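Q: Mind looking over this structure? Questions follow.
Every read-out reported here was derived from the displayed coordinates using simple, explicitly stated rules and does not represent laboratory data. Every value quoted in this text rests on a predicted model; they were computed, and no experiment measured them. Every residue, glycine as well, gets a Cβ built from its backbone with ideal geometry; the counts of neighbours run over all protein chains shown.
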Ligand SMILES: Cc1cc2nc3c(=O)[nH]c(=O)nc-3n(C[C@H](O)[C@H](O)[C@H](O)COP(=O)(O)OP(=O)(O)OC[C@H]3O[C@@H](n4cnc5c(N)ncnc54)[C@H](O)[C@@H]3O)c2cc1C
């Protein structure tokens, strides 16, 4: 099936677009996290979203979820790791699945921290963002994993089943693999790195990572498990201004059928702005589909 639209991101921008596209009877693939937005969830008190008075982020998320449920909106809880143009549609890789959509809305939030030196250069040549898709390539090999969020730890477990040795650097404390822990798997295959990864390098393929204390660790591959992937890495050819996606007032990007909304298009990083842009993008998408 080719969806009318794939919305990447379940924060306020993605939700607003999903509601409006649903009202226009468009077929939607809505990809992202089932908690909708960690940023909103973590806001202690929101005072500037009209109609809500003072509301905690977690209460606003509950209201968003109720609204999504009432509209019959379903989330496909997957990270999109790559998007490729396919003529008059786009192909999206998420987990081990591939989806097709006529239009795209990037509502991915503010760009994640910059990748490691060498990361983009070695993407597909030893650097991967998807354990399910590429894990099997590293059976019996030595890999490193950067884990940006505890909710991806099951992917490390999976990689540890396949690989011979797994070096893990987690960007958080706690969890099974957190940087302050000393837990390794029962087979002793995982090694917790104490220093952050600075660089990935190699010749034709990845051969090592370098840590911030200049330790060199030989590896066959590096998995980067993050909450978000920089838009330019996700979709080649997308025009950016620094870390932000360039859009016009219709929320169109430079690529045909591709729209962006919310924090990913620039400051101010605000819920109301994200909701407004999601709304505009949805209307632009409806017009684009009608013209097609
Ligand atoms: C502590 C804190 C307090 C704040 N307080 C306020 C406030 O009081 N008022 C206010 O207006 N704003 C506030 N904000 C800002 C507000 O939370 C953001 O502006 C808003 O959440 C942006 O919405 P968004 O939809 O653009 O992105 P986000 O809410 O960041 O959502 C993006 C979503 O996209 C998902 N995603 C990203 N990449 C991918 C991918 N490749 N595949 C699948 N999913 C992906 C992410 O997991 C996330 O779920 C606050 C933020 C923080 C951190």
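Q: Could I have the simple spin-label model distance between residue 42 and residue 289, label points 7 Å from Cα toward Cβ, reported in nm to one decimal?
A: If labels sit at residue 42 and residue 289, their model points lie 3.4 nm apart.
Q: Now, a different point. Would you order 130, 264, 224 from fewest to most other beta-carbon atoms within 10 Å of each residue's own beta-carbon?
A: With the fewest neighbours first, 130, 264, 224 line up as 130, 224, 264.
Q: Of 46, 229, 143, which is the most mobile in a GNM of the chain whose springs link Cα atoms less than 10 angstrom apart?
A: 46
Q: Here's a follow-up. To the nearest 0.05, what FRET efficiency results for residue 97 and residue 215 with a Förster distance of 45 Å applied to their C-beta separation?
A: 0.75
Q: If the chain between residue 74 and residue 139 were fully stretched, how many nm would it gain, using 0.36 nm times the residue separation less the Cα-Cα distance?
A: 19.9 nm
Q: What angle do you read, to the nearest 10 degrees and between 0 and 90, between the alpha-carbon axis of helix 12-23 and the longest principal axis of the chain?
A: 50
Q: Would you list 98, 40 from fewest to most Cβ contacts within 10 Å? Mind showing how you got there, number by number?
A: Numbers: 98 12, 40 21.
Exposure proxy ranking, most exposed first: 98, 40.
Q: Using a Förster distance of 41 Å, how high is the FRET efficiency between residue 180 and residue 67, based on the Cβ-Cβ distance and rounded to 0.05? Walk me through the numbers before you get to the answer.
A: On the way: r = 38 Å, r/R0 = 0.94.
Taking R0 as 41 Å, the efficiency between residue 180 and residue 67 is 0.60.
Q: Take 236, 39 and order them by how many other Cβ atoms sit within 10 Å, fewest up front.
A: Least crowded to most crowded, the residues run 236, 39.
Q: Shifting gears a bit: Tilt of helix 271-291 relative to the longest C-alpha principal axis of the chain, in degrees (0 to 90, nearest 10)?
A: So the inclination is approximately 70 degrees.
Q: How much FRET efficiency would the formula 1/(1 + (r/R0)^6) give for residue 59 and residue 25, where r is the Cβ-Cβ distance and R0 is 35 Å, rounded to 0.05?
A: Result of the calculation: an efficiency of 0.70.
Q: Compute the projected area of the convex hull of the Cα atoms of the range 165-292, averaged over all viewing directions, and report it in nm² to one decimal place.
A: Numbers: hull surface 47.2 nm².
Value for the range 165-292: 11.8 nm².
Q: Could you identify which residue out of 188, 221, 51 has the top mean-square fluctuation in a GNM of the chain using Cα springs shorter than 10 Å?
A: Ranking 188, 221, 51 by mean-square fluctuation puts 51 first.
Q: For the chain, what is the convex hull (Cα atoms) projected area averaged across all directions, in square nanometres?
A: Result: a mean projected hull area of 16.0 nm².
Q: Turning to a different aspect of this structure: Angle, helix 153-162 long axis vs. longest principal axis of the chain, Cα atoms, 0 to 90°, nearest 10?
A: Value to nearest ten degrees: 40.
Q: Now a separate question. I'd like the antiparallel share, as a percent to the nearest 5, of DSSP beta bridges with both residues in the chain.
A: On the way: 22 of 55 bridges.
In the chain, approximately 40 percent of DSSP beta bridges are antiparallel ones.
Q: May I pose another question? Which whole-number percent is the relative contact order of the chain (Cα, under 8 Å, 6+ apart)?
A: 21 percent.
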